[in-house]
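Reviewing the structure listed below.
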Amino acid sequence: HFGSSASAVRVEGRRPSARPRHLRTYCARRAPAASVAPAMGLEKAGELVLSSNGTVQTREGEWGGQEEEVAEAAWSALREAKQLLAPGETLKRITVSFQGTSYVVTGKESQYYVVRWS
């Protein structure tokens, strides 16, 4: 799950100058989700699809029985990040990186995708 041991957190979708000061150091350049992790030498290890209320709809790959914990942490991160948005802004992507693993959370059409890269 996304604990305090995360080495990097990126929230994308807003102009960097519009982000609160405490988040600016965690923001990265915009890049397509599919190119972020492979560029770091990581391979797709799994994917969860969450419904609009945060429940797991589908899962792919090996999650070691932690898919519910990961889904809950991703949903919590989405709720917190959405509170930082100004009216009319949308959230594009959240990336949480641990040593050797990254989780990329994106949304589309009332579904959220959590992709684990290892």
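FYI, it's all coordinate maths here, none of it is from the lab. Being a predicted model, the structure only gives us computed values, none of them experimental. Backbone-built Cβ (ideal geometry, glycine too); neighbour counts: all protein chains shown.
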Open item on the list: Tell me yes or no: at least one residue of the range 38-58 is assigned to a strand (DSSP E or B) and exposed (fewer than 13 other Cβ atoms within 10 Å of the Cβ).
Closed with: yes
Task: Criterion violated by Thr95 - all others in (1) outside any helix (DSSP H, G or I); (2) out of contact with any helix residue (DSSP H, G or I) (no Cβ under 7 Å at 6 or more places or on another chain); (3) not acidic (Asp, Glu) satisfied - done: (2)
Open item on the list: Looking at Gly88 and the list (1) farther than 16 Å from Leu50 by Cα; (2) not in a loop (DSSP other than H, G, I, E, B), which single condition is not satisfied?
Closed with: (2)
- [ ] Return the total of residues in the range 55-74 being within 20 Å of Thr95 (Cβ to Cβ) and either charged (D, E, K, R) or without any contact (Cβ under 8 Å) to a residue 12 or more places away in the chain (or both).
- [x] 5
